[in-house]
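Asker: Can you keep this structure in mind? I'll have questions shortly.
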Amino acid sequence: MYTPQPSSRKSISGKRNTNRSFSSSRRSSAVFGSAKKSPYTPGFLYSRKESLNRSLQTSHIIEQTAQHAVELFGTALPVLVTEALTLTERGTVVSVKISESGWAWLVCGRRLFVWRYKQLSGSRSVVTQCRELNLPPSDLAHRADLVCILMTRDSHLPSAIAVSPEGIVRYWPNIAHEGSSTETAADLQGQECFSLINIQPLGCLLATTTCSLVLLSPDVTDGQNNISCRTLKTPQGVLAGLGKRVSSFIFGAVPNQSMESKHLVQVVAENGEEEEEKYVYVLSRNTLQKWSLDIQLPDKLLFESDIERLMKEGFLQALWNRDSTHLHQLKAWAIDMQLTKNGVLLLMVGLNPQVSQQVYYAFGKIDTANENSSVGFSSFCVIKPTEIYTESEEEKILNYKFVLPQLGCQLAYVYNQQKVKCVSVVNSSEEPDVLEFSNHGDKILGAGSCDGIPLFFSNKYGLLSLLPTGAAAAKMSQLNQSIPAELSMKESEVEELCVSDEKTDKLKAALNLYFRNDLAKSQAIIDEMFPPSPLPAVETDSYLDVTVALVSQMLIDDYPASDPRWAESIPAEAFGSSSTSLILLHQLEDKMRAHELLLTFFKGIGLWERLSTVTVRETPMVTPMLLCEHAEKLIAAMSLRNLHSQYGKLLGDAIQLVLQQRGKCASEKLTHLDVFYREVSLVDSIFPALVTQEENQLSSDVSTSEILEIISSINNIFLTVLQEVCQYRVNKASVYDTSGISAQYIPWTATSGGNGMRVILMKQHSLTVEHAVPLAEDTQSRGAIYQQLLDIADVILDGYKCQLKSLDKHTERYETVEQKYTQDRHKLILPLLKMGQYERAASLAEKYCDFGILVQLCEDTNNQERLQRYMLQFVDQGFSDFAFKWYLDKGKRGKLFSQLGSHSDDLAKFLQDHNTLSWLHHVTTGHYSSAQKTLMTLSSEESHYLSKKKTLLSLSKLAALASDEPCETVDTIVDDLNSQLDLVLYQETLPGGVLEAYGIDPDTMRVLTPEELIKMYINEDNTSANEYDFKKALDLLEFMKKPLGDEEVEALRLQIWSQAILRDSWEDLDTDNPLEAIKDTIFFRTIELAFTQGVKLHEFLPPVEDLINEPELSYYAANPSFTYLIQAGYEHINRLID
C-alpha cells in the first residue's frame, strides 16, 4: 500500500496537477489511479498489524490528500457485488444507493443486489450477506434511485420496493425471499419515473421526471402482501388554493411551467411535527414545492415557489455589477438539493452568456421552517472552481450532485462520476480539495452518508469514506499506540504465564506478547509448544487443536475480571482479561473483540494453517469451525441480551430453569443473568427451556390470546437469535476458511438428538402449526405466524444444507442425512402450501429445491407459466424429469403433452425409459417413424392382453403409413405387421368351446404362443373341430420362431395330422370303394381345403411312411385296412397334383 505524505501535491501517477478548474486543482489527488491490485483481492489491504486495526474498526486508510483521508468503509464487499462489477458487459448501466440505515444496494441491468455495509449497534453481527433480486422488465435502464429498502419490525431483514422507469412496482416483504414479491403498475400516463424515497410509516414516494408524485403503500390483505399506488393531488375545495396563493404572494407568482422548468431535480423528506407526518420537498429546475403528508389527513401542498429569480439574484449579487447587469441576461439552474438544519441546501449553476461562457457553482440555503415568512436565501456561497459552458457540454455541467453528511454541516462533497470536490458551503475563498476517480477507468457509482461520514461507491474499490486528515491520523495513532484493552495484562503476569506448565497459560502469554509487538518471544513460545512439522496436520484431537479449542472456549466463558461482584468466584485458571466492562452487554462485546484478536493471533503467528480437527459432540469437527461456533454463540448471547427489553419475563424464567437444571443459582451479589451470560458456550441451553415453558403454558388454563402471544414471542426469540447467527456464519465464511480439511460439519444450530437444536426447532414448528395457526384470526396475526413458520423452516433447512455440504455424496452417511433432510423439508413446507400461502411455500421450495412442492403448487394454482419457469430455472437440477415423473405417478399423463410439450427435447429424453408414452410424443411431434418402431417394440413385449397387442400393432401400422420412410421400407414393415395381426386373428377365432374349456375370457385373454394355439385347435377339448381348425393349426406352424423343416416343427406337423386322423373311425370304412369312403374324413377334408386354397400339397403333406409310423397312430398302424385307405388316398392325390 502506498500513502503519500500530506504535503505531496502530486498524483500517484507522478504528474503535477496545475489546472485549477473543477476537473482538477492543485490539491487534487488521483486517489486510486496507480493501484496494481484490487482490494477485492485477499491480502491486498492488510498486513498483520493492519488486520488487527481492521478488526477494531470498519474502515482502513488507503489514500491521503492534504485535507482528507480516503478509506475503505464498512464490511467486506459481497462476492456477488464484486462479480457484478467485474463481469458487467460494457454499456450496462450500473448505479448504487447508500442508505443512512446501513444498507446499500447496487442495480446492474435487471439485477438488484442488497447488502448491509454497516455494523449493527451493540456490536452484534455484521450482516454482509448479499441478496440478489430480479427487477421488473423494462425497456429503459433501471437505476438505484428507483429502489427503496425499508426496515421492518417483524424481521431483521428489510423489505424492498423497486420501480421500473415505466412505473411497474415490485415489492418484496423480505429481501431473503425473492419469490415472495408482489407486483402492480402505477398509472403514470406515460411519464418516466425519476426517484423513489422512503417516507415510512407512510410508505415510499415515487416521483416522475415531470414532478408527479405517487405514494406507494405496502400492506397485507387476507394474509397476502400487496402495494397500493395513490397520486398526490392538492385538495379541491374553497380554500384549496390558499397555500399556493400565499406562497405566490411571498415568493412571487409562479409562471406557467414549461417541460424544461418541470424537469425534476431532487425530492427529499423530513419528519413533520406529528409522528405520522412527513414534509416533502420537490425541486425542479426552477421551482420548489413543500408538501405535508399525513396518514390521517389529506395531502397538502404548503407552498410552490419560483426560485429562478432567487437564484439569479444570488449570482448577480455575488458576481456581477447590479447596475450593468439585468436578471433576464442570466441563466440559472438548480441541480441538487439536500436537507439542512431548518431548511434545504441547493446546489446551483449560474451563467451570464453576455459577459462570458464561464459557469459558476454555488450553494444556497432556504429556510423552510416558517412558511409564513418571506423566503429567500439565508446564505449564498459561490464555490471557486468553474467550467466553460458549451451547449454540447450542458448535460455534463449540470450533472453534479452533493453529499451533506450532517444537518448544518459546513463542508459539502460535490461529485460526479469522475471526481469528488470537498468544498465549504459558507466560505467562498476556501480552496477546495479535489479527488480524482477517473484514472484507469474508475468512476463513482453512488454516494451517501452514514453517521456523519460521507460515503462514495467506487467501481474499482467499493465503498469508501472521506474523513478530514487530522481525524483519521488521530484515529490511526490511537489504534497503534497500545495493545487492545481486552488483552491487556501486567508484564509480571505475562512472565508468570511464560513459565507456567499449563499449555493454555503459555498460549495466553504468547497471545499477549504478540500484541505487545514482541513477536520474536511470542513465536519462540509457539515453536516450543507446537514444533513446526513439514507434514500437514491430519490427526484429530492433536495437542495443538485441543489447546486452541480450549483457549477459545475459556475466552468466551471468561469471568468479568473488573466486576467486583465476581471477585470471589473467579478461578485461577480463568482467561482473566477478555473484558474490562461492568455492563453485561459490553462484556459480551468485549469478548467478541477478544475473539477476533485471537483469530488475528492464530493467523499471524502461523498456527491457523496447521489446525486440523477436534472432537465436538462425539464427532470430529474442523477446528476453525469450532472457533466460528464460539463466535456464533457470542452473537447469540448478545442478541438474547438485547431481547430482554421486549421479552424480559419470558427469558428470565427460562434462564432460571436452565440454571436449575445445571445446579447453579444466583448469589446475593450476582443475578441469574450474570451467571447465565458468563458461560457463553452453553447459551443454546435456553432454547429447550423456552419450549418447555411453552408446553407448560399450553397444558395449563390460559386463554387463546395468551397461547398465541407466547408462541409468537418464542418464535421471535428463536428467529431473531438464530437468523443473526446464520448470517454471521455466512458473512464470516472466508474468515473461518477450512479448505483442505475434510470433516462432517454439523452447526450447533442443527444438532440432532435429545435437546439438539434441530429437534427443538422441529418441535417449535409443529407447535406453531398445531396451536398458533388455528388461533390467528385476523389478517395481521396470520401473516406474522405464517412468516414465522417460513423463517423457522429456513433455519432448519439451512442447517441441513451446511451438514450435507460437508459430506461426501458417495457415502452412506450422506444418503442417510439426505433422506432425513428430504422428509423434514417436505414436512416443513407442506403446511404453508395447505394453508394457501403459495408464495411463502414457493420461496422455501425454490431455495431448497423441493420439486414436489413446486409442482403441486403449480397444480393447485393452475399456474402452468410458473411451471415452465421452474423448468428453465432448475434445468441443471433435473426439474423437468421430476415434473414428468410426478405427472405419471399421479396419473395425469395427458398433461405431459398438453401442458409440458413445449419442453419437447426434455420430454423425449425422459420418455426414452417410458415407451408406453414416448410413441405419443413422437406422434405429437411428427416423428412417425420413431412412433412406429416404439409401438412395434411395445407390441412384441405385450403378453398380458391380446386386445392391447392388436391395438399396438394397428397403431404401428398407421404410423408406418404416415411416416416419410421410402415406399419399399414401408411395404416391408406393413407386411411384417400384417403377419403379426394374422397371428392375433388366429387367436381371436379360437372356437368358443375351446375358450370355455380352458376358462378363457375372450375380452381379457392373454397373448398365446403359436404352439399353444396349435394345441388348443387340435386338442380333444375342441370337440367340434373340423378341417378349418386343423388347417389353421398347420398354418400356425409358420409363426413359430423356428424355421420350417426344423425337427420340432416337423414333429408338431405330424402331431396335427395324426390328430386329424384320430378324429374319425377308420375301422368301418368300406375298402371296396376307398376314395368314396375317405372323402368325408377330417384328414382328407383338410387336404382338400388346402388344395382349394392353392397350397402345394407335396410340400403340405407329410410323407406317408412317417405318418403311418407316428406313435399316436400305432393303434391303426397294425390295421391293413387303415394303411390301405391312407395309401390309396395319397395315390389319388399324387396323381391329381402330378
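Asker: Being open to solvent by less than 30 Å² (accessible area, probe 1.4 Å), at pLDDT 50 or above and part of a loop (DSSP other than H, G, I, E, B) is the filter here; which residues of region 231-275 pass it?
Answerer: Correct list: Leu232, Ser261, Gly272.
Asker: Can you pull out every residue in region 1068-1110 that is open to solvent by 90 Å² or more (accessible area, probe 1.4 Å) and not in a helix (DSSP H, G or I)?
Answerer: Step one: list which residues in region 1068-1110 are open to solvent by 90 Å² or more (accessible area, probe 1.4 Å), which gives 1068, 1072, 1076, 1079-1080, 1088, 1091-1093, 1096, 1098-1099, 1105, 1109.
Correct list: Asp1068, Asp1072, Lys1079, Asp1080, Gln1093, Lys1096, Asn1109.
Asker: Specify the residue that is nearest to the chain's Cα centre (by Cα); the eligible residues are those in region 325-336 that are closer than 30 Å to Phe194 by Cβ and outside any loop (DSSP other than H, G, I, E, B). Before the answer, list the steps.
Answerer: At the first step, the residues of region 325-336 found to be closer than 30 Å to Phe194 by Cβ are 327-328, 330-336.
Still in the list and also outside any loop (DSSP other than H, G, I, E, B): 327-328, 331-336.
Details: Leu327: 58, His328: 58, Lys331: 51, Ala332: 48, Trp333: 45, Ala334: 42, Ile335: 39, Asp336: 37 Å.
Taking the candidates together, the pick is Asp336.
Asker: Another question, if that's okay. Would you mind telling me which numbered condition in (1) out of contact with any Lys or Arg (no Cβ under 9 Å at 6 or more places or on another chain); (2) of a type outside the set (Phe, Trp, Tyr); (3) under 16 Å from Lys1015 (Cβ atoms) Leu1034 fails?
Answerer: The number of the failed condition is (1).
Asker: Return the only residue of Ser918, Ser954, Ser947 being modelled with pLDDT of 85 or more, part of a helix (DSSP H, G or I) and open to solvent by less than 50 Å² (accessible area, probe 1.4 Å).
Answerer: Numbers: Ser918 fails: modelled with pLDDT of 85 or more; Ser947 fails: open to solvent by less than 50 Å² (accessible area, probe 1.4 Å).
From the options Ser918, Ser954, Ser947, the qualifying one is Ser954.
Asker: Which residue out of Asn716, Asn696 is within 31 Å of the chain's Cα centre (by Cα), open to solvent by 10 Å² or more (accessible area, probe 1.4 Å) and modelled with pLDDT of 90 or more? Reasoning before the result, please.
Answerer: On the way: Asn696 fails: within 31 Å of the chain's Cα centre (by Cα).
None of the others qualify; the one that does is Asn716.
Asker: Here's something else I'd like to know. Could you check how many residues of region 829-853 are free of Cβ contacts under 8 Å to residues at least 40 places away in the same chain, open to solvent by 30 Å² or more (accessible area, probe 1.4 Å) and assigned to a helix (DSSP H, G or I)?
Answerer: Summing the residues that are free of Cβ contacts under 8 Å to residues at least 40 places away in the same chain, open to solvent by 30 Å² or more (accessible area, probe 1.4 Å) and assigned to a helix (DSSP H, G or I) in region 829-853 gives 3.
Asker: Now a separate question. For region 380-424, which positions are among the hydroxyl-bearing types (Ser, Thr, Tyr), at pLDDT below 85 and assigned to a strand (DSSP E or B)?
Answerer: Thr386, Ser424
Asker: Can you tell me how many residues within region 603-631 are part of a helix (DSSP H, G or I) and modelled with pLDDT of 90 or more? Outline the logic, then answer.
Answerer: Initial filter on region 603-631 (part of a helix (DSSP H, G or I)): 603-604, 608-610, 623-631.
Pick out the ones that are also modelled with pLDDT of 90 or more and you get 623-631.
Residues that pass the stated criteria total 9.
Asker: Quick check on this structure: which one of Tyr800, Tyr728 is in contact with an Asp or Glu (Cβ under 8 Å, 6 or more places away or on another chain) and within 24 Å of Leu77 (Cα to Cα)? Walk me through it before giving the result.
Answerer: Working: Tyr800 fails: within 24 Å of Leu77 (Cα to Cα).
Result of the check over Tyr800, Tyr728: Tyr728.
Asker: How many of the residues making up region 276-324 are open to solvent by less than 10 Å² (accessible area, probe 1.4 Å) and part of a loop (DSSP other than H, G, I, E, B)?
Answerer: Total satisfying the criteria: 1.
Asker: Which ones in region 706-733 are touching a residue at least 60 places away in the same chain (Cβ under 8 Å) and over 22 Å from Met638 (Cβ atoms)?
Answerer: Ile707, Leu708, Ile710, Ile711, Ser712
Asker: Being open to solvent by 60 Å² or more (accessible area, probe 1.4 Å) and more than 22 Å from Ala1033 (Cα to Cα) narrows it down to one of Thr969, Thr924, Thr934, so name that one. Write out each step before concluding.
Answerer: Working: Thr969 fails: open to solvent by 60 Å² or more (accessible area, probe 1.4 Å); Thr934 fails: open to solvent by 60 Å² or more (accessible area, probe 1.4 Å).
Residue meeting the stated conditions: Thr924.
Asker: From the list Glu166, Glu183, pick out the single residue that is in a loop (DSSP other than H, G, I, E, B), over 15 Å from the mean Cα position of the chain (by Cα) and of a type in the set (D, E, K, R).
Answerer: Working: Glu183 fails: in a loop (DSSP other than H, G, I, E, B).
After ruling out the rest, the residue left standing is Glu166.
Asker: Then there is this: Considering each of Val680, Val691 in turn, give the residue that is touching a helix residue (DSSP H, G or I) at 6+ places or on another chain (Cβ under 7 Å) and under 30 Å from Glu609 (Cα atoms). Talk me through it step by step, then tell me what you get.
Answerer: Details: Val691 fails: under 30 Å from Glu609 (Cα atoms).
Testing whether each residue is touching a helix residue (DSSP H, G or I) at 6+ places or on another chain (Cβ under 7 Å) and under 30 Å from Glu609 (Cα atoms) leaves just Val680.
Asker: Residue check, Asp154 against (1) at pLDDT 90 or above; (2) over 24 Å from Ala186 (Cα atoms), all met but one. Which one?
Answerer: Just one mismatch for Asp154, condition (1).
Let's see how each residue does on (1) among the hydroxyl-bearing types (Ser, Thr, Tyr); (2) open to solvent by 20 Å² or more (accessible area, probe 1.4 Å); (3) part of a helix (DSSP H, G or I); (4) closer than 27 Å to Leu854 by Cβ:
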residue: Gln744; (1), (2), (3), (4): no, yes, no, no
residue: Thr749; (1), (2), (3), (4): yes, no, yes, yes
residue: Gln764; (1), (2), (3), (4): no, no, yes, yes
residue: Val769; (1), (2), (3), (4): no, yes, yes, yes
residue: Val773; (1), (2), (3), (4): no, yes, yes, yes
residue: Gln780; (1), (2), (3), (4): no, yes, yes, no
residue: Gln788; (1), (2), (3), (4): no, no, yes, yes
residue: Thr816; (1), (2), (3), (4): yes, yes, yes, yes
residue: Lys827; (1), (2), (3), (4): no, yes, yes, yes
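Asker: Quick check: is even one residue across region 476-483 outside any helix (DSSP H, G or I), at pLDDT 85 or above and under 45 Å from the mean Cα position of the chain (by Cα)?
Answerer: First pass over region 476-483, keeping only residues outside any helix (DSSP H, G or I): 481-483.
Within this subset, residues satisfying the condition of being at pLDDT 85 or above are none.
Checked region 476-483: no residue is outside any helix (DSSP H, G or I), at pLDDT 85 or above and under 45 Å from the mean Cα position of the chain (by Cα).
Asker: For residues in region 1118-1138 being among the small types (Gly, Ala, Ser) and open to solvent by 40 Å² or more (accessible area, probe 1.4 Å), which is farthest from the chain's Cα centre (by Cα)? Quick ask: steps written out before the conclusion?
Answerer: Within region 1118-1138, the first condition is being among the small types (Gly, Ala, Ser), and the residues that meet it are 1118, 1121, 1128-1129.
From the residues that got through so far, the ones that are open to solvent by 40 Å² or more (accessible area, probe 1.4 Å) too are 1118, 1121.
Numbers: Ala1118: 94, Ser1121: 97 Å.
Ranking the candidates gives Ser1121 first.
The values are calculated or read from the model by the stated rules, or taken from the named source; none is laboratory data. Fair warning: this is a prediction, and the values are worked out from it, not measured in the lab. Reconstructed Cβ throughout: ideal geometry from the backbone, glycine too, with neighbour counts over all protein chains shown. Note: accessible area is taken over every heavy atom of the protein model, side chains too, but ligands, DNA and RNA are not part of it. Shrake-Rupley method; radii C 1.70, N 1.55, O 1.52, S 1.80 Å.
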